[in-house]
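Notes follow the structure.
The values are calculated or read from the model by the stated rules, or taken from the named source; none is laboratory data. Here the structure is a predicted model, which means the values were calculated and not measured. All Cβ positions, even for glycine, are placed from backbone atoms using ideal geometry, and neighbour counts span all protein chains on display. Remember, those area values only see protein heavy atoms, side chains included, never the ligands or the DNA or RNA. Shrake-Rupley method; radii C 1.70, N 1.55, O 1.52, S 1.80 Å.
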Amino acid sequence: MMTILVSNDDGVHAPGIRCLAEALAEISNVLTVAPDRNCSGASNSLTLENPLRIVKLDENRISVKGTPTDCVHLAINELVAEPPELVVSGINAGANLGDDVLYSGTVAAAMEGRNLGLPAIAVSLVGSEHYQSAAKVTVKLVEQLRKHALPSNQILNVNVPDLPFEQLKGFKITRLGSRHRAEVMVKQQDPRGHDIYWLGPPGKMQDAGEGTDFAAIAEAYVSITPVTIDMTAHGFIGKLDTWIQDWETK
C-alpha cells in the first residue's frame, strides 16, 4: 500500500485529524505528524529560533512542538526512511475559502509537501461536526490521485459542507473567491491597564459568484480548487519589462 503523511494546523489531538487518519488507514499506510497545539493561522511559517521537539504518541503518530510547515518538513526530511507518496493536511475545523488560503496552516502543510516534491491535498470541513463526510471525500480523491497525477506546482484545496455525506450534492471544481477587507480589531485592556488587541472576524464575501469555492459550498457541493504554488504573475512580466526599458532610456 502507499504511504500517506497526514498533518494539520488544529493540533495532533484534534478530532478532524484522527478521523482522517482512520479513514485513510483503510486504503494506505498512514503516518501522522502534527503540531502539539492549535496553530490555526500559522500560514507557511517555519520555526527558526527554537529547536523542534517531538513526542512519539504511538507507532504512527508524532507530536511536534512547531508549526504545520515544520511538521511536514521534519517528517519528510528526517522522520521517515522512505518518503511518503502523498501529503494530506486536515481535516480542518472550519472553512479555508478564498483569501483564507493565505493564512491557513492547513493549506501551508500541503504546500510544504508539494515544495518537497510530493502531491498534496488540504481538506477543510465548513463546520465542526461531520468529519466523516470530509474523510469519505478525501478517500475518493486519494483513489483518483492514484490514477491521475497532479501537476508538480499545484495542490488541491478541498472544502466540504458540514452535512451528512448523503446530503452532499456532489463535487464542483472551483476557483478561489475573495473577501472584503477584514473587520476592525477588537481592543481591550489587560488587568494592568495595558491595551491589547484581538483580530476581528474575517471580511464578508466579495467575489462569491458562480464558479467560486464560496458558491459551491453555499449550494452544498464539495469545492475542489487547484492552487498553484508558483505565485509569479506571469501575465504581468511583459508589462514590468517595459518599465525597465523606460528607466534605461532616461
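In this structure, does Lys140 turn out to be farther than 22 Å from Ser43 by Cβ and open to solvent by 50 Å² or more (accessible area, probe 1.4 Å)? Yes, satisfied. When the residues of region 166-199 are filtered to those that are of a type in the set (A, V, I, L, M) and surrounded by 15 or more Cβ atoms within 10 Å (Cβ to Cβ), the one that is nearest to Thr225 (Cα to Cα) is Leu176. Evaluating Thr228 against the criteria (1) in contact (Cβ under 8 Å) with a residue 40 or more places away in the chain; (2) crowded, with 18+ Cβ neighbours inside 10 Å leaves one unmet condition, (2).
Condition first: within 14 Å of Glu112 (Cβ to Cβ) and open to solvent by 60 Å² or more (accessible area, probe 1.4 Å). Now tell me which residues in region 24-60 satisfy that.
Step one: of region 24-60, the residues within 14 Å of Glu112 (Cβ to Cβ) are 33-35, 39, 42-47, 52.
Asn44, Leu46, Leu52 - these are the residues of region 24-60 that are within 14 Å of Glu112 (Cβ to Cβ) and open to solvent by 60 Å² or more (accessible area, probe 1.4 Å).
Search region 79-93 for residues being open to solvent by 10 Å² or more (accessible area, probe 1.4 Å) and among the small types (Gly, Ala, Ser), and hand back the single one that is farthest from the chain's Cα centre (by Cα). This residue is Ala81. One residue stands out among those in region 94-110 that are within 19 Å of Ala21 (Cα to Cα) and not hydroxyl-bearing (Ser, Thr, Tyr): the one that is surrounded by the most Cβ atoms within 10 Å (Cβ to Cβ), which is Ala109.
Where in region 73-186 are there strands (runs of 3 or more DSSP E), lying fully within it, with 2 or more residues that are within 30 Å of Tyr197 (Cα to Cα)? Break it down stepwise before answering.
On the way: elements: 86-93, 120-126, 154-161, 170-173.
Hits in region 73-186: 86-93, 120-126.
Looking only at region 30-52, count how many residues are in a loop (DSSP other than H, G, I, E, B) and closer than 11 Å to Thr69 by Cα. Give the steps one after another, and end with the answer.
Pass one, region 30-52, residues in a loop (DSSP other than H, G, I, E, B): 36-52.
Narrowing the set further to residues that are closer than 11 Å to Thr69 by Cα leaves 39, 42-47.
Summing the residues that are in a loop (DSSP other than H, G, I, E, B) and closer than 11 Å to Thr69 by Cα in region 30-52 gives 7.
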